[in-house]
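For reference, the structure discussed in these notes is given below.
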Amino acid sequence: MILSELIALFELGELIRPWKLATFGVGLTLLILGAKLDIAPDWDYGVSIAMALTAYIAAPWVVRSLSRRRWWRLPACVILSWWGVDGCYALYWSLRNPEILDQLRSAQWPTSACLFLMCGLAWMHAGPLKYFLTREQHDLSLDT
């Protein structure tokens, strides 16, 4: 019973939509490529995977909850956003190399916050891509 309630609350069925899985795969591939190219000292495989998974699961729910003004979810939105933007990063680097955490944490979180929000906006649509594109085309049309 509790599991089915959690699945319904977090709309976990949305995570298996093909268009969301495909865009997640592209994003994760880019993050792993960045880790492989060693662009920044804190760009690592582990933290890339942890932050990407957190964003994929939490960001759409957070953005959807806030856009629908479900204020009773605000504490959960704040905690999930913090975890996705800074919490898992801080935990990962505090265990792996605390010096990197001290050096780069203040520079990392604004970028991660923007990416978390962008992911939430991109994945907040609950439904098939076809409906999303049709609705967007209708919403953007100049005919009234």
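The values are calculated or read from the model by the stated rules, or taken from the named source; none is laboratory data. The shown structure was predicted, so the numbers you read here are calculated from the model rather than taken from an experiment. Positions of Cβ are generated from backbone atoms using ideal geometry, with glycine treated the same way; all protein chains shown enter the neighbour counts.
For the range 76-117, how many residues are among the acidic types (D, E) and within 16 Å of A50 (Cβ to Cβ)?
1
So which helices (runs of 4 or more DSSP H) stay within the range 1-120 end to end and still have 1 or more residues that are among the β-branched types (V, I, T) and surrounded by fewer than 17 Cβ atoms within 10 Å (Cβ to Cβ)?
Because the criterion is at least 1 residues that are among the β-branched types (V, I, T) and surrounded by fewer than 17 Cβ atoms within 10 Å (Cβ to Cβ), the helices (runs of 4 or more DSSP H) in the range 1-120 that meet it are 2-9, 18-37, 45-67, 74-82.
So, in the range 121-132, exactly how many residues are surrounded by fewer than 16 Cβ atoms within 10 Å (Cβ to Cβ), under 18 Å from R64 (Cα atoms) and modelled with pLDDT under 90?
Result for the range 121-132: 6.
Tally up the residues in the range 63-122 that are polar (S, T, N, Q) and touching a residue at least 60 places away in the same chain (Cβ under 8 Å), please.
Summing the residues that are polar (S, T, N, Q) and touching a residue at least 60 places away in the same chain (Cβ under 8 Å) in the range 63-122 gives 3.
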